């Protein structure tokens, strides 16, 4: 598996990893990985859904934490990022036409990999835009996934001068004018290239520098800024999941975890969603920045503890 995964000092591949590629509905090749539980009793399989500009390797530490708690882990790179097939000739542009494509990718992952090769019960742990995709996919997951833990869901941009509805209207016009592939922020440089002192993602310098080194060592895993089309797709998905009828249809119990010092997504909007959605419970990790799973232990450990308390396992032991 050395050709499939990428290691850097301090971030080795978890033991007994397997993986490969599966085929999306439109023929795109998407990279996936499976990791067994390393402790008993076995508590089910966690489907780990990364955020924008994240890859499997960024979650090696979290995968180990879940494995030692008795969980197997299944994870894949979203289309257009990580080592999955890119969607544009310039593969560093953060691009997607619709978040429905991500939902179809998750559906294909379940059908081709998770259901045949992984043991239930199944749970979802998702971060940021991955959490938004999980929300959007929740109606399809009702008979498959027992519970979801959604970390800092991307429902809106903090401090944006426009609402997501206005952003959707403007970006729709820009896409109609043929400008969907233009960057809306940061340009071709991955955001992880920001100096630690001014980054908005984590207060943990060691983990931040580890993640930066990963993308510096393997730039093919990184993605630059989001495009107009990606932002339009995100705005449409956010509008869909915040619709009252959609929220009323949700049946999978969700624990939504917000970062108290988030400077990326609007915690207020996430809290409002949680209060209005009967299937959702809310936890705030005070003081944490956006990437709680990449944060210092004082913020990261409460999230892992909340996950373990919310996600019940089965009494059966590993064979």
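Here, each number is a calculation from the coordinates, and none is a lab measurement. Predicted model, so just to flag it, every value in this text is computed and none were measured. Reconstructed Cβ throughout: ideal geometry from the backbone, glycine too, with neighbour counts over all protein chains shown.
Here region 1-129 carries DSSP beta bridges of which approximately 55% are antiparallel, counting only pairs with both residues inside. The distance separating the Cα centre of region 125-176 from that of region 232-283 comes to 8 Å. Only beta bridges with both residues in the chain are counted; by DSSP, about 35 percent of them are antiparallel. Shape class for region 194-243, computed from the alpha carbon gyration tensor (a ≥ b ≥ c): prolate, with a/c not under 1.5 and a/b above b/c. The value of relative contact order for region 164-266, using C-alpha pairs under 8 Å at least six residues apart, is 42 percent.
Adding -39500 (n - 2.57) for every DSSP H run of four residues or longer, then dividing by how many residues the chain holds, sets the calculated 222 nm ellipticity at -10000 deg cm²/dmol. Rounded to the nearest whole angstrom, the semi-axes of the ellipsoid equivalent to the chain, taken from the Cα gyration tensor as √(5λ), stand at 27, 23, 20, largest first. Pairs of Cα atoms nearer than 8 Å and 6+ residues apart set the relative contact order; for the chain it is 20 percent. The overall shape of region 138-261 is oblate: from the C-alpha gyration tensor, with semi-axes ordered a ≥ b ≥ c, the ratio a/c is 1.5 or greater and a/b is no larger than b/c. The mean sequence separation of alpha-carbon pairs under 8 Å and at least six residues apart, normalised by the residue count of region 35-181, gives a relative contact order of 24 percent.
Each label point was placed 7 Å from the Cα along the Cα-to-Cβ direction; for residue 166 and residue 89 their separation is 3.6 nm. For the pair residue 245 and residue 200, the difference between a 0.36 nm per residue extended length and the Cα-Cα distance amounts to 12.8 nm.
Once the Cα-Cα distance is subtracted from the 0.36 nm per residue extended length, the residue 64 to residue 39 segment shows a gain of 7.9 nm. One decimal place: the segment residue 297-residue 23 gains 95.0 nm when fully extended, by the rule 0.36 nm per residue minus the C-alpha distance.
Would you please classify the overall shape of region 234-283 from the alpha carbon gyration tensor, given that a ≥ b ≥ c denote the square roots of the eigenvalues, rounded means a/c under 1.5, and beyond that prolate means a/b larger than b/c while oblate covers the rest? In terms of gyration-tensor shape, oblate.
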